[in-house]
1. Enumerate the strands (runs of 3 or more DSSP E) found wholly within the range B:64-146, keeping only those where 2 or more residues are under 16 Å from the mean Cα position of the chain (by Cα) and not hydrophobic (A, V, I, L, M, F, W, C).
2. How about the range A:226-242: which of its residues are under 20 Å from the mean Cα position of the chain (by Cα), surrounded by 16 or more Cβ atoms within 10 Å (Cβ to Cβ) and either closer than 22 Å to B:Asn123 by Cα or within 14 Å of chain B (Cβ to nearest Cβ) (or both)?
3. Limited to the range B:12-49, what total is found for residues that are within 29 Å of B:Ser149 (Cβ to Cβ), within 11 Å of chain A (Cβ to nearest Cβ) and either part of a loop (DSSP other than H, G, I, E, B) or free of Cβ contacts under 8 Å to residues at least 12 places away in the same chain (or both)?
4. Tell me which residues, restricted to the range B:92-123, are within 14 Å of another protein chain (Cβ to nearest Cβ) and surrounded by fewer than 19 Cβ atoms within 10 Å (Cβ to Cβ).
5. Based on what the data block shows, is B:Ala52 loosely packed, with under 15 Cβ neighbours inside 10 Å and either in contact (Cβ under 8 Å) with a residue 60 or more places away in the chain or assigned to a helix (DSSP H, G or I) (or both)?
6. Anything in the range B:29-49 that is hydroxyl-bearing (Ser, Thr, Tyr) and buried (at least 22 other Cβ atoms within 10 Å of the Cβ)? List them, or say none.
7. When only residues in the range A:122-138 that are over 14 Å from the mean Cα position of the chain (by Cα) and not aliphatic (A, V, I, L, M) count, which is farthest from the other protein chains (Cβ to nearest Cβ)?
8. Filter the range B:164-175 down to the residues that are touching a residue at least 24 places away in the same chain (Cβ under 8 Å) and surrounded by fewer than 24 Cβ atoms within 10 Å (Cβ to Cβ), then identify the one that is farthest from the other protein chains (Cβ to nearest Cβ).
Amino acid sequence: MITKRIIPCLDVRDGKVVKGVQFAGLREVDSPVRLAEYYSQNGADELVFYDITASSDGRKLFTDILCETAKNVFIPLTVGGGINTLADFDRVLKCGADKVSVNSGAIRNPDLIAEAAKRYGDQCVVLSCDIKRVNGNFRLFAKGGREDTGLDAIEWVKRGVSNGAGEVVVNSIDTDGVKQGFDLAMLAAVCDAVSVPVIASGGAGKIEDFIALFQRLPRVDAGLAASIFHFGEVNINDLKREMIKNQIPARI
Amino acid sequence: MTAIVDYGVGNLFSLVCSLEKIGEEAVVTADKAVIALADRIILPGVGAFSDALKKLKASGLIPVLKEQIQRGKPVIGICLGMQLLFDRSFEYGEHAGLRLIPGEIRPIADFVNDLKIPHMGWNALHFTEQKHPLFRYVQEGECVYFVHSYFATDCQSSLIASVEYGVEITAAVAEKNVMGCQFHPEKSGETGLKILKAFCEMEAAKPC
């Protein structure tokens, strides 16, 4: 049986992981290369590198670091942030990324997904969406969740998948940072709309939140989180053991 | 030295890095002389079957590949590289393959109807009764990483590992010194590195 994936996300700015990571009292580690190695040896099924650099110097540094990471980490790597053109796809794929996640870039240029899927294959293109409820409807947000696009999020996801996105990441702005569990209603709506893998993001605070996610929504393929892994609130190996105890397929 | 056949498909960065990681010298090459000199050969591949086969034919490397197989050199196809080894594929039409391993490539969607396609993610290996040397460092049930929509069928005689995804999916095959794996060992963490290590320890059969 295919296992449910657990994916830590590393926000990288100017070559360093934002906020850094503290492991059980050890000093803060902010090297993306070292953290990626740590996670790959400690149960992560996949890693997401999110580039939040603003400058072009920072972007070059990010690409160098991605290369260095890919040399030492042999699990799938997804890269997001600052992906606006096919040249951006090319830049990160050459450095060892396996999948590329598009968000605002696809909103600005909706043809980007189709062009990238045609050139690199559907499995390479991940559509990442920031979604928030507005007057009871799921609305697509842009610019890191700061701007309401006015677009219906479910329609947007359907369109992205029909254009060739091979996977969808659903970031719920409503539950993000609240640590009270994933946004099951929003995820169910996306799972109803598309047949490609769906990755849940936003809201996990503890192991039980992942168990509830996979038990109540078996169609969700993966759970993504950042700070709860970085700050040791959830240890991925403990989480996997708990998943197996609850008959949720996991890779140990 | 292990030659990775470069016929213009896919990104070989991770594969090269993974071989370097296990201390194996890897050369990405389209040079017949280098392939003939190599101790073993990897045939990679991503994308569509007919497109990849067309490129492999155009590279002119099929004769040298077959000659090296004749000489008993270990050869492994990875992902689409494995699929190319079979008799034919039904991906977008019907296309003849290299006919090095008996069997056919068919859409997973023809066999399962309630599961997501592609079969993407980590799945647990089940070995056939006689564990193949490729898995000498790997235990039953270890997971490897898959991304594919088509799979090898009618290849029972060469099957050495499978995974379950609504139906039994061919994970690896072997026909003497010709091997193939559907999964990506270079993306399968420690388990994948152990499989590559086992392959890189294989030597050409001594001529009788």
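1. Hits in the range B:64-146: B:86-89, B:101-107.
2. The answer is A:Asn235, A:Ile236, A:Leu239, A:Lys240.
3. Summing the residues that are within 29 Å of B:Ser149 (Cβ to Cβ), within 11 Å of chain A (Cβ to nearest Cβ) and either part of a loop (DSSP other than H, G, I, E, B) or free of Cβ contacts under 8 Å to residues at least 12 places away in the same chain (or both) in the range B:12-49 gives 5.
4. B:Tyr92, B:Ala109, B:Val112, B:Asn113, B:Asp114, B:Leu115, B:Ile117
5. Taking the combined requirement at face value, the residue does not satisfy it.
6. Of everything in the range B:29-49, nothing turns out to be hydroxyl-bearing (Ser, Thr, Tyr) and buried (at least 22 other Cβ atoms within 10 Å of the Cβ).
7. The qualifying residue farthest from the other protein chains (Cβ to nearest Cβ) is A:Asn135.
8. So, considering only residues that are touching a residue at least 24 places away in the same chain (Cβ under 8 Å) and surrounded by fewer than 24 Cβ atoms within 10 Å (Cβ to Cβ), the one farthest from the other protein chains (Cβ to nearest Cβ) is B:Glu175.
The values are calculated or read from the model by the stated rules, or taken from the named source; none is laboratory data. Not measured: the values here are computed from a predicted model. Virtual Cβ from ideal backbone geometry, glycine too; neighbours counted across all protein chains shown.
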